[in-house]
């Protein structure tokens, strides 16, 4: 197939060497050459959500992300679960997107990779639904016990996980 466009990926972990970043790097290796695949690296620059600042001149990091989301053909979110919930900075970022329509009908793949992950996964599906994102059936994946499936260098060592990620990417690309 001949793909064109931009895939914006977002890790819910702020740590650059996290399992979630490694998964996004793995998926980037599966992206066709004619796709612009980027991992968003400014999540920590998004200020705390303040409805009083959510207007035409939103904070620079928020405006930049909104623009990147609007220009993306699709978005992949890969996140851990913290204390049985969505990582605070990821949820904060999504709160900034509510009034912007940046995610309305935007194809989204959701991967939750954590020790457990089911609570954050369910919460994110609700949040993405509230934002009217087009979460792709078949591009939703929960990977529990992720640290047992990745080596110290960040390589996926579990064949079932690798195949599931390949299926997510294939399904996601078919929707772009």
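The values are calculated or read from the model by the stated rules, or taken from the named source; none is laboratory data. A quick note: this is a predicted structure, and the numbers were derived from the prediction, not measured. A quick note on method: Cβ atoms are made from the backbone with ideal geometry, for glycine too, and the neighbour counts reach across all protein chains shown.
General remarks:
- In the stretch 98-126, the residues that are free of Cβ contacts under 8 Å to residues at least 24 places away in the same chain and under 12 Å from the mean Cα position of the chain (by Cα): 125
- Of all the criteria given as (1) assigned to a helix (DSSP H, G or I); (2) closer than 16 Å to residue 11 by Cα, the one not satisfied by residue 113 is (1).
- Residue match in the stretch 134-148 (condition: free of Cβ contacts under 8 Å to residues at least 24 places away in the same chain and closer than 15 Å to residue 22 by Cα): yes
- Residue 116 fulfils the conditions (1) at pLDDT 95 or above; (2) out of contact with any helix residue (DSSP H, G or I) (no Cβ under 6 Å at 6 or more places or on another chain); (3) within 14 Å of residue 81 (Cβ to Cβ) except for a single criterion, (1).
- The set of residues in the stretch 60-81 being without any contact (Cβ under 8 Å) to a residue 40 or more places away in the chain and crowded, with 16+ Cβ neighbours inside 10 Å consists of 61, 62, 65, 66.
- Among residues of the stretch 23-58, those that are in contact with a helix residue (DSSP H, G or I) (Cβ under 9 Å, 6 or more places away or on another chain) and within 18 Å of residue 172 (Cβ to Cβ), counted: 11
- For the stretch 82-97, the count of residues that are more than 14 Å from the chain's Cα centre (by Cα), part of a loop (DSSP other than H, G, I, E, B) and either surrounded by fewer than 16 Cβ atoms within 10 Å (Cβ to Cβ) or at pLDDT below 95 (or both) is nonzero.
- Among residues of the stretch 1-30, those that are closer than 30 Å to residue 116 by Cβ and surrounded by fewer than 18 Cβ atoms within 10 Å (Cβ to Cβ), counted: 8
- Being within 23 Å of residue 49 (Cβ to Cβ) and modelled with pLDDT under 95 is a description that applies to residue 101.
- Out of 154, 129, one residue alone is within 30 Å of residue 66 (Cβ to Cβ) and free of Cβ contacts under 8 Å to residues at least 24 places away in the same chain. It is 129.
- Test: residue in the stretch 59-77 that is closer than 15 Å to residue 123 by Cβ and assigned to a strand (DSSP E or B): yes
- Residue within the stretch 161-168 that is under 14 Å from residue 74 (Cα atoms), modelled with pLDDT of 95 or more and in a helix (DSSP H, G or I) present: yes
- Scanning the stretch 119-152 for residues that are part of a loop (DSSP other than H, G, I, E, B) and either within 15 Å of residue 173 (Cα to Cα) or modelled with pLDDT under 95 (or both) gives a single hit, 152.
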